[in-house]
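Okay, so here's the structure we're looking at.
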Amino acid sequence: MAKTYDISKLRKGLTKSISGIGTGFHNPDVWLNTGCYVLNYIISADFNRGVPLDKITMFAGSSGSGKSYITSGNLVKDALSKGVIVCLIDSEDALTEEWMQNLGVDTTNENLFRIQTNSIEKVMQTVTEMTNWYSETFAETPREEQPGMYFVIDSLGALFPEDETKRFDEGELSMTDGMRNAGAKTKLMNHLINKTAGQKMGAVITNHVYASTDMYSPDKIGGGNKAIFLSSIIVQMEKLMLKEDEQGNKTTEILGIRASCNAIKTRWNKPFEKVQVQIPYTTGMNPYSGLFDFFESRKLLERNGNKYMYKSLADGHEMFNEFRKNYTSEMYEEMMKDFTENYNKKALMEAVEESK
């Protein structure tokens, strides 16, 4: 007869004797909204879920492509609304209170910590202090009742090791400084993973890209390969000019930016899906931006004369037949609902029919 044993004692012993480790499997507890339904979808395959709180996410792109708008604006706003403790590390000293308030961020929320530093070592110390406090404070609190903690690093590209800054101050330059910089950022990424993995904690990082010298290669993301390898999600962004008003009429005036977003890495949807999101200077991002092109690219919005028709995926009946500019948020809500409930079922049925 086999000897019986209680494996639960081993599990409890591991977590008690080895601090800072996670056990078991956990689906993301909290999803943070990017502020744009179609951007949410290409990341998570869900219009209402953007990025998971407890993973490392990177938004990389050229200056002015909308990275901070989404990360330091929309994601921070949503995290605070869900009771998450947010540590916003502003390495470029570029985030003003007025700008964040204009995006709807409650800058007086006691859960928001805004820290300005471009020192990699100070960022690592901050992560250590905050995660240690969190682990001690909520050690006996069930995971589902923990508030969560989120680090926003805006941006990785502006961070430097302190010894490099010191050499700059002393007028010294070295050919190996770039290598040391990449090595220090690798240590930072490892530290973030080490302190947050398995916990109800995560981070979002903005990063720069550098133009490729090869016309057939995409722009290169900076910060070293480790930053790319350790990120669960990477959205690469490109800045384009917005020359279209709210009614869809072409203009000669630049009214904002079109952020081209490419989910080059994600564990919740197929990668390399691209969408364009409009961010007008006067009104900011419309959460429904990009949905028309999303549905049209899947042949779910079909041209019918000068209008566009959307038919239900459930039974094929005509739901809408309107000019592009007449599609409203209420219509998009119904289309997203129909798509969510029926698109995968329809694709599966078509695949079965083709296999016969």
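The values are calculated or read from the model by the stated rules, or taken from the named source; none is laboratory data. Computed from a prediction, not measured in an experiment: that's the story for all the values here. Methodologically, a virtual Cβ is constructed for each residue, glycine included, from the backbone with ideal geometry; neighbour enumeration extends over all protein chains shown. We work out accessible area using only protein heavy atoms, side chains counted, and drop any ligands, DNA or RNA first. Shrake-Rupley method; radii C 1.70, N 1.55, O 1.52, S 1.80 Å.
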Could you work out how far the C-alpha centroid of the range 218-281 sits from that of the range 92-131, in angstrom? 24
Quick calc: nm separation of the 7 Å Cα→Cβ label points for Asn48 and Thr141 -> 2.5
Along Cα→Cβ, 7 Å out, is where each label goes; now give me the distance between the ones at Leu10 and Lys82 in nm to one decimal. 3.4
Per the helix-only calculation at 222 nm, which mean residue ellipticity applies to the chain, given -39500 (n - 2.57) for every DSSP H run of n ≥ 4 and division by its residues, nearest 500 deg cm²/dmol? -10000 deg cm²/dmol
Using a 10 angstrom cutoff on alpha carbons, build the Gaussian network for the chain and name the most mobile of Glu273, Glu341, Glu92. Glu341
Counting DSSP beta bridges with both partners in the range 1-160, what percentage is antiparallel, nearest 5? 15
Most fluctuating of Glu330, Glu121, Glu302 in the GNM of the chain (C-alpha, under 10 Å) is Glu330
If you project the alpha carbons of the range 252-335 onto the principal axes, what extent comes out on each, in Å, largest first? 38, 36, 21
Can you pull the Kirkwood radius for the range 35-162, inverse mean 1/r over Cα pairs, to one decimal in Å? 15.6
Evaluate Rg over Rh across the chain, taking Cα atoms for both radii and Kirkwood's formula for Rh. 1.02
From most to least accessible, 1.4 Å probe, no ligand or DNA/RNA atoms counted, Lys265, Lys12, Lys77 line up as Lys12, Lys77, Lys265
Using a Förster distance of 51 angstrom, determine the FRET efficiency expected from the C-beta separation of Asn306 and Asp29, and round it to 0.05. 0.60
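Report, in listed order, any pair from Lys82/Lys220; Lys82/Lys325; Lys67/Lys122 with a Cα-Cα distance greater than 30 Å.
Check vs 30 Å cut-off fails for Lys82/Lys220; Lys82/Lys325.
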Evaluate the relative contact order of the range 223-318 (contact order divided by residue number), counting alpha-carbon pairs under 8 angstrom at least 6 apart; express in whole percent. 18
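Based on the alpha-carbon gyration tensor of the range 184-318 and its eigenvalue square roots a ≥ b ≥ c, which shape applies: rounded if a/c is under 1.5, prolate if not and a/b is larger than b/c, or oblate? Don't jump to the answer; show the numbers that get you there.
Numbers: a/c = 2.32, a/b = 1.65, b/c = 1.40.
Since a/c reaches 1.5 and a/b is larger than b/c, the shape of the range 184-318 is classed as prolate.
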Inter-part distance where the range 282-319 and the range 14-75 are each reduced to a Cα centre, Å: 27
Based on the Kirkwood radius over alpha-carbon pairs, what is the Stokes-Einstein translational diffusion coefficient of the range 1-104 at 20 °C with 1.002 mPa s viscosity, in µm²/s? 128
Hey, any idea what % of the chain's accessible area is carbon plus sulfur with a 1.4 Å probe? 51
Most fluctuating of Gly316, Gly157, Gly183 in the GNM of the chain (C-alpha, under 10 Å) is Gly316
May I ask for log10 I(q)/I(0) of the range 74-148 at q = 0.13, 0.14, 0.22 Å⁻¹, from a Debye sum over the Cα atoms as equal point scatterers with solvent left out? -0.45, -0.52, -1.08
